[in-house]
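Structure first, commentary second.
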Amino acid sequence: MCGIVGYVGKRSAEEVIIDGLSKLEYRGYDSAGIAINQNKETIAFAKKKGRLSILEDYLKEMPILGHVGIGHTRWATHGEPSDINSHPHLNEKETIAVVHNGIIENYMEIKEMLIAEGYTFKSETDTEVIVHLVDKHYNGNLIEAVYAAIKQLRGAYALGVVAVDHPDELVAVRKESPLIVGLGKEEFFVASDVPAILKYTREVYFLENGEVVHIKDNALKVYDENKNLVNKEVKTIDWDIEAASKGGYDYFMLKEIYDQPQAIKETLIRRLDADRMIHLDDIKMTKEQLEDITKVYIVACGTAYNAGLVGKYAIEKLAKIPVEVDIASEFRYSNPFIDEKTLLIVVSQSGETADTLAAMKLAKSKGARVLAITNVVGSSVAREATDVFYTWAGPEIAVASTKAYTAQIVAFYMIALDFALKRETITQDKYSETVDKGKEMIENIVKDIKDTKSAFYLGRGLDYMTAQEAALKLKEISYIYTEAFAAGELKHGTIALIEKGIPVFCVVTQDDLAEKMISNIKEVKARGAFVIAIAKDTNKEISKVADDTIYIPAADDLLMPILSVVPTQLVAYYASLARGNDVDKPRNLAKSVTVE
Ligand code: AGP
């Protein structure tokens, strides 16, 4: 996620801002920038692609003096990582600067309007429309211009704004994207998160949606969206910096499990418009090109492979296209049938996994079209692919993948729906109903799931795919040997492993397979297993046969993997904690496997 830091006070704004941005590096970014009001003709600024240290080295040579400024670390969503796409963005006269965290959904229509009015754009970002809107409405009153500008915006935005004609002023806005205020002694801070300001103060305001901060004449005021003064309650932070960067959670993994509703919303929100049509602007494949496809492979590693299993099910069920799923390290040596009528879908959170990249290169060399689902803008996978579907889940820090997995599943559902609509294998209203359920279900994602240990996972159909991801999650961070069984396979050997007291998780969300799963539950219980079921809250039969049942909100069967995986992620998390492991950095593992 992007990070914002703003400062007004007696210290060096450059020093405070760079220090603050360094405390936000955990949020993940690919470029950084700063703008400082020196009370001259224009705003002084510097912005660089890459690590914060690159900007710091530049500033060592070209320091920017001044006491009022804004800074930003960018996690690219619109436009590749580059100096010009980095924030802050300035108006043409370079008298106003803006930093932004979030997404402006209607930026294209605003950009077209502004270009028609004679404005010129330098970057590919959505953010640049904001500074030109402030410029358009500016007539000497900075906060009024900001209010007028944000009235035209739709989407999520945390903003910091400075203007050369207002040497002691800073305006900040919060809508959806987080923003806090730090209250120092005759100095004020705004930041995306607490760690950025803890070095200077522990007294903060947590801003609500629509609130606007105005720092002027060494005073800070907060207004609501109707310009009424708001009486904010000062909160005192008792976290240390390390804890604060995890948002108060003990580990990044738990933070990222709870981030899933927001991550999935980010994956969805920009691709659904008011009439519930999916707009996959990033996938240029036409109806005719899709109809030409005779073979689809989904290729990935680890958790991304497990998401591919769900993707296969969704594309076959909705678009009626046969799909093969393979582990990248196997695919590349298995002499797959590939030609120009093949579509290869690669899935990679990091976009840097060596085996996945090698599989892509093999497929491209044989003429295949490659669609990449990845979480990192500008990653190797993204650059190599014909089409890219970014999950926009925000950086995933913990080695054990959680929010990337659910975002990848949502990506597959949207791709399957898009393909199905193009191939007319589903009608418009089925499409809309599925999208509605998707949106509705996102609102009800399960938040807190009971903590328990596990050793086997059972499932059928989509639940078996979830069981495979659940088993990987548990084994990689708790080091408990965990295996996923296709429940129908028990009698073919695996039931020999069931003995008294062994915990067996049964995932039961597919209506047409529930009866068979109830029989499987009875089968393993008869051999002494302790059964914990994960089931739709509409199926009360399950709690009558299982020892413990985690009920989750019911949704369309096809969408249940997004919900049913959450309790299994928490199971892994608590099991790892219970065994005293480093949840975020499990032994022997790396977040991105860039070697074969
Ligand atoms: C998942 O919890 C693991 N950390 C690992 O299996 C991971 O999913 C795999 O290495 C693929 O990584 P990628 O998505 O970045 O390509």
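I'd like the full set of residues that are assigned to a helix (DSSP H, G or I) and either of a type in the set (Ser, Thr, Tyr) or open to solvent by 60 Å² or more (accessible area, probe 1.4 Å) (or both), limited to region 550-576. Scanning region 550-576 gives 564, 568, 573, 574, 576.
Of all residues in region 377-397, those that are out of contact with any strand residue (DSSP E or B) (no Cβ under 8 Å at 6 or more places or on another chain), within 14 Å of the ligand (Cβ to nearest atom) and either of a type in the set (Gly, Ala, Ser) or not in a loop (DSSP other than H, G, I, E, B) (or both) total 2.
Inspect region 266-277 for any residue being open to solvent by less than 50 Å² (accessible area, probe 1.4 Å) and within 16 Å of the ligand (Cβ to nearest atom) and give the result as yes or no. Yes: one or more hits. Scanning region 319-348 for residues that are under 19 Å from residue 415 (Cβ atoms) and either surrounded by fewer than 22 Cβ atoms within 10 Å (Cβ to Cβ) or in contact (Cβ under 8 Å) with a residue 60 or more places away in the chain (or both) turns up 319, 320, 321, 322, 323, 324, 326, 341, 342, 345, 347. Pairs linking a residue in region 350-364 that is under 12 Å from residue 379 (Cβ atoms) and touching a residue at least 40 places away in the same chain (Cβ under 8 Å) to a residue that is among the polar types (S, T, N, Q) and near the ligand (Cβ under 7 Å from one of its atoms), with Cβ atoms under 8 Å and 6 or more positions apart or on different chains, are 350/592; 352/592; 353/592; 356/348. May I ask you to verify whether residue 31 is among the hydroxyl-bearing types (Ser, Thr, Tyr), farther than 27 Å from residue 220 by Cα, surrounded by 21 or more Cβ atoms within 10 Å (Cβ to Cβ) and touching a residue at least 24 places away in the same chain (Cβ under 8 Å)? Against the criterion (among the hydroxyl-bearing types (Ser, Thr, Tyr), farther than 27 Å from residue 220 by Cα, surrounded by 21 or more Cβ atoms within 10 Å (Cβ to Cβ) and touching a residue at least 24 places away in the same chain (Cβ under 8 Å)), residue 31 qualifies.
Inside region 370-385, can you point out the residues that are surrounded by fewer than 21 Cβ atoms within 10 Å (Cβ to Cβ) and touching a helix residue (DSSP H, G or I) at 6+ places or on another chain (Cβ under 8 Å)? Those that are surrounded by fewer than 21 Cβ atoms within 10 Å (Cβ to Cβ) and touching a helix residue (DSSP H, G or I) at 6+ places or on another chain (Cβ under 8 Å): 380, 384. All conditions in (1) under 30 Å from residue 394 (Cβ atoms); (2) open to solvent by less than 50 Å² (accessible area, probe 1.4 Å) hold for residue 364, with the sole exception of (2). For region 292-309, indicate whether the set of residues that are over 17 Å from residue 385 (Cα atoms) and free of Cβ contacts under 8 Å to residues at least 12 places away in the same chain is non-empty. Checked against the condition, which is being over 17 Å from residue 385 (Cα atoms) and free of Cβ contacts under 8 Å to residues at least 12 places away in the same chain, region 292-309 yields no hits at all.
State yes or no: is residue 257 open to solvent by 10 Å² or more (accessible area, probe 1.4 Å), within 14 Å of the ligand (Cβ to nearest atom), of a type in the set (Val, Ile, Thr) and under 25 Å from residue 470 (Cα atoms)? Taking the combined requirement at face value, the residue does not satisfy it. Looking at residue 46, is it open to solvent by less than 10 Å² (accessible area, probe 1.4 Å) and in a loop (DSSP other than H, G, I, E, B)? No. What are the pairs with Cβ atoms under 7 angstrom where one residue, in region 474-490, is without any contact (Cβ under 8 Å) to a residue 12 or more places away in the chain and the other, located anywhere, is crowded, with 18+ Cβ neighbours inside 10 Å? Sequence gap at least six, or different chains. Partner pairs satisfying both residue conditions: 475/482. Restricting 60, 40, 10 to those that are modelled with pLDDT of 95 or more, part of a loop (DSSP other than H, G, I, E, B) and either surrounded by fewer than 21 Cβ atoms within 10 Å (Cβ to Cβ) or not charged (D, E, K, R) (or both) reduces the list to 10. Considering (1) open to solvent by 30 Å² or more (accessible area, probe 1.4 Å); (2) in a loop (DSSP other than H, G, I, E, B), the lone condition that residue 79 does not fulfil carries the number (1).
Only one entry in 219, 244, 191 is modelled with pLDDT of 95 or more, within 22 Å of the chain's Cα centre (by Cα) and under 30 Å from residue 67 (Cα atoms), namely 191.
The values are calculated or read from the model by the stated rules, or taken from the named source; none is laboratory data. Because the structure is predicted, anything quoted here is derived from the model rather than measured. As a convention, Cβ positions derive from the backbone with ideal geometry for all residues, glycine included, and neighbour counts pool all protein chains shown. To get the accessible areas, we keep the full protein, side chains included, count just its heavy atoms, and leave off ligands, DNA and RNA. Shrake-Rupley method; radii C 1.70, N 1.55, O 1.52, S 1.80 Å.
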